[in-house]
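Visitor: This is the structure I have questions about; it appears just below.
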Amino acid sequence: MSFLEKLSQGLKRTRETVFGQIAAVFQPGRSLTEDDYAGLEAALLRADVGPAVTDRLLADVRKRLDDAAFSGEPADALRDSIQALLETGGRGVRPGGDSADARPHVTLVVGVNGTGKTTTIAKLAHRYRQAGESVLLVACDTFRAAAADQLEVWATRAAVEIVKQKAGADPAAVAFDGMTRARSLGVARVIIDTAGRLHVKTNLMAELEKIRRVIERGVPGAPHETLLVLDATVGQNGLQQAREFHRALALTGIALAKLDGTAKGGVVLAIAGELELPIRWIGVGEGMEDLIPFDAAAFAAALVTPPRR
């Protein structure tokens, strides 16, 4: 299955939430009425785009359609507005984030429990290995007894190295060992797993800050990417998670997991529009190949293309 086919399939439920309600709005040659705009607003809200970003999108669609120089259809205006919104993602990222030239390039992966964090890490490791890069996983989730063992299984499947300690060990100590091992091996990529935690638990968020400080001491400038894994099925709740993690850790990107299992994929737009954080990766299936890099133009086109009858 091609990249575009994977993306289109992954957005199927969200796309149908939008177009199942307003298919008639996007008929060629048809101008939008106020009722059409109201219907479009309801559909976007149903897809968990959120009120503020929905208003922003509708205002931009109106502006485009009222522009005499615009020669497209209403669907084209919506697609272009969505793409423009998604391309604002990244304005909220601290300078120096995601330094592609760093070696080792260190990614700190965070998130609440049950988001698909560990499998996202495994898919990232697999992707980098397929690209010919050496990878080291660091198992800083020492809270759950089986967490490091689970990550080790994935490391074996992806044919990458792993650093772990026994359950209950100090996560920051594991991070220190990981940085030491990364330098000795000369690996290209380090991906650090952390225990899932609620974003409202200040003591656990402080532990993440400690891990990050240890990483930076071990590899100056690291982590180069602080990646939050969100479960797309939680919709607007994910926006609040992103807001709190960003406040504590200065996130550089989002990986949106389980996009294929939800009609709430509009949260991507909410994250880009309200937090100006870039979506780095989206999960569109359970297979190792089903984590794909985010592309604003492709996402907008896949979301706005009406389902085939």
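The values are calculated or read from the model by the stated rules, or taken from the named source; none is laboratory data. Computed from a predicted model, the values in this text were never measured in an experiment. Reconstructed Cβ throughout: ideal geometry from the backbone, glycine too, with neighbour counts over all protein chains shown.
Every residue, every condition in (1) in contact with a Lys or Arg (Cβ under 7 Å, 6 or more places away or on another chain); (2) modelled with pLDDT of 85 or more; (3) closer than 15 Å to residue 107 by Cβ, yes or no:
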{"site": "185", "(1), (2), (3)": "no, yes, no"}
{"site": "201", "(1), (2), (3)": "no, no, no"}
{"site": "215", "(1), (2), (3)": "no, yes, yes"}
{"site": "222", "(1), (2), (3)": "no, yes, yes"}
{"site": "253", "(1), (2), (3)": "yes, yes, yes"}
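Visitor: May I ask you to list pairs of residues, at least six apart or on different chains, whose Cβ atoms are under 6 Å apart, with the first in the range 1-24 being under 13 Å from residue 282 (Cβ atoms) and the second being at pLDDT 70 or above and surrounded by fewer than 20 Cβ atoms within 10 Å (Cβ to Cβ)?
Guide: Listed by first residue and then by second, the contacts come to 7/298.
Visitor: Of the residues that make up the range 42-49, is at least one part of a loop (DSSP other than H, G, I, E, B) and in contact with a Leu (Cβ under 7 Å, 6 or more places away or on another chain)?
Guide: yes
Visitor: Ok, one more. Return the total of residues in the range 20-41 being surrounded by fewer than 19 Cβ atoms within 10 Å (Cβ to Cβ) and part of a helix (DSSP H, G or I).
Guide: Result for the range 20-41: 11.
Visitor: Something else now. What single numbered condition from (1) aliphatic (A, V, I, L, M); (2) closer than 16 Å to residue 47 by Cβ; (3) part of a strand (DSSP E or B) fails to hold for residue 271?
Guide: Every listed condition holds for residue 271 apart from (3).
Visitor: Still on this structure, please answer the following. Return the residues of the range 148-159 that are in a helix (DSSP H, G or I) and in contact (Cβ under 8 Å) with a residue 24 or more places away in the chain; say none if nothing qualifies.
Guide: Residues satisfying the conditions are 150, 151, 154, 155, 157, 158.
Visitor: In the range 44-84, how many residues are polar (S, T, N, Q) and farther than 30 Å from residue 240 by Cβ?
Guide: First, pick out the residues of the range 44-84 that are polar (S, T, N, Q): 54, 71, 81, 83.
Okay, now just the ones that are also farther than 30 Å from residue 240 by Cβ, so 71.
The qualifying residues number 1.
Visitor: May I pose another question? Between 178, 221, which is farther than 30 Å from residue 234 by Cα and surrounded by 18 or more Cβ atoms within 10 Å (Cβ to Cβ)?
Guide: Just a single option satisfies the conditions, and that option is 178.
Visitor: Mind listing just one residue for me: the one in the range 21-35 that is more than 10 Å from residue 73 (Cα to Cα) and among the polar types (S, T, N, Q) and, of those, modelled with the highest pLDDT?
Guide: The residue in question is 33.
Visitor: Related question: Please give the helices (runs of 4 or more DSSP H) falling wholly within the range 160-249 in which 3 or more residues are among the polar types (S, T, N, Q).
Guide: 236-249
Visitor: From the residues in the range 147-167 that are among the small types (Gly, Ala, Ser) and more than 14 Å from residue 119 (Cβ to Cβ), which one is surrounded by the most Cβ atoms within 10 Å (Cβ to Cβ)?
Guide: Ranking the qualifying residues of the range 147-167, first place goes to 148.
Visitor: Condition first: without any contact (Cβ under 8 Å) to a residue 24 or more places away in the chain, out of contact with any strand residue (DSSP E or B) (no Cβ under 9 Å at 6 or more places or on another chain) and either crowded, with 22+ Cβ neighbours inside 10 Å or not charged (D, E, K, R) (or both). Now tell me which residues in the range 264-309 satisfy that.
Guide: 287 - this is the single residue of the range 264-309 that is without any contact (Cβ under 8 Å) to a residue 24 or more places away in the chain, out of contact with any strand residue (DSSP E or B) (no Cβ under 9 Å at 6 or more places or on another chain) and either crowded, with 22+ Cβ neighbours inside 10 Å or not charged (D, E, K, R) (or both).
Visitor: Same structure again: Do we have any residue at all in the range 109-131 that's over 27 Å from residue 246 (Cα atoms) and either of a type in the set (Val, Ile, Thr) or assigned to a loop (DSSP other than H, G, I, E, B) (or both)? Quick ask: steps written out before the conclusion?
Guide: Let us first name the residues in the range 109-131 that are over 27 Å from residue 246 (Cα atoms), namely 129-131.
Then drop every residue that is not either of a type in the set (Val, Ile, Thr) or assigned to a loop (DSSP other than H, G, I, E, B) (or both), which leaves 131.
Yes, there is a match, as at least one residue in the range 109-131 is over 27 Å from residue 246 (Cα atoms) and either of a type in the set (Val, Ile, Thr) or assigned to a loop (DSSP other than H, G, I, E, B) (or both).
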